[in-house]
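Notes to accompany the following structure.
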Amino acid sequence: MKWHARRDTRKIHKVGAIIIALPFLVILITGLLLQVKKDVAWVQPSSIEGVSKIPIITFQQILEVAKSVPEAEINTWADINRLDVRPDKGMVKIRANNQWEIQIDSETAEILQVEYRRSDIIEAMHDGSWFADAAKYWIFLPTGFIILVLWITGIYMYFIPALNKRRNQKRMEKIKQDSVKEESAL
């Protein structure tokens, strides 16, 4: 079968778009949410500032405060995913394994805010690891490659007709000029 650039490029573009429709929709929506995560508290809780820029509370105080928040379900250090110390904001973020975030003042150990953090789940959905590790490599990675192919074929389908139109206009002008020259020569 002979390659026909215009026809075959459109087929590749069409089939590729159908194959990646659902994974690309997930990537698109989660990507948009991640773009605004610092601006939308529903995605990621905004940071509340503490009273001092110098952290003086101990790890034991941090654990005791974390234990006092029932939503976080923290009983030991094993229940904590990470600590995020923000000296410039005077606070410490405690991220529980169940996605709850506790922000405490780094000087007084006072609870500044307790919110559910969705950005990590959204990020895992975005790269496909939320579904399964296999989905990350066998669905979302190929989707990325297919998106690249769609971009290339889309650019091709956009620019080639414009270039052909321009070429044809020049050819038609030359034909007109040649016919005018022939008429004037007669």
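No value in this document is a laboratory result; all are computed from the given coordinates. Quick caveat: nothing in here was measured; it's all calculated off a predicted structure. Backbone-built Cβ (ideal geometry, glycine too); neighbour counts: all protein chains shown.
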Check: Hey, of [x] 12.2; [y] 19.1; [z] 9.1, which did the structure itself give for mean projected area of the Cα convex hull in nm² when calculated?
Finding: [y]
Next item on the list: Using only the Cα atoms of the range 65-111, build the gyration tensor, take square roots of its eigenvalues as a ≥ b ≥ c, and label the shape rounded, prolate or oblate: rounded if a/c is under 1.5, else prolate if a/b is larger than b/c, else oblate.
Entry: prolate
Margin query: Quick check: Cα centre of the range 41-104 to Cα centre of the range 139-186, how many Å?
Written below: 59 Å
Check: In the chain, which whole DSSP H runs stretch at least 18 Å along their own axis (Cα) and average -0.5 or higher on the Kyte-Doolittle scale?
Finding: 5-35, 141-185
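Averaging sequence separations of C-alpha pairs under 8 Å and six or more residues apart, then dividing by the length of the chain, give the relative contact order as a whole percent.
Details: 226 pairs, mean separation 41.7, N = 186.
Relative contact order of the chain: 22 percent.
Suppose R0 equals 41 Å. What FRET efficiency, 1/(1 + (r/R0)^6) with r the Cβ-Cβ distance, do residue 18 and residue 165 give to the nearest 0.05?
Working: r = 29 Å, r/R0 = 0.71.
According to the calculation, E is roughly 0.90.
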Check: GNM, the chain, Cα, under 10 Å: largest mean-square fluctuation among 66, 78, 41?
Finding: 78
Item checked: Length added when fully stretched, residue 155-residue 182, from 0.36 nm per residue minus Cα-Cα -> 5.7 nm
Item checked: Length gained when the stretch residue 29-residue 108 is fully extended (0.36 nm per residue, less Cα-Cα span) -> 24.5 nm
Notebook entry, point to check: If you take the beta carbon distance between residue 64 and residue 133 as r and set R0 to 41 Å, what does 1/(1 + (r/R0)^6) give as a FRET efficiency, to the nearest 0.05?
Noted result: 0.70
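Divide by every residue of the chain the summed helix terms, -39500 (n - 2.57) for each DSSP H run of at least 4, and state the resulting mean residue ellipticity at 222 nm, rounded to the nearest 500 deg cm²/dmol. Mind showing how you got there, number by number?
Numbers: 4 runs with 94 residues, N = 186.
For the chain, the value works out to -18000 deg cm²/dmol.
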Check: Which net charge results when you count Lys and Arg as +1 and Asp and Glu as -1 among the other residues whose beta-carbon is under 14 Å from that of residue 53?
Finding: -2
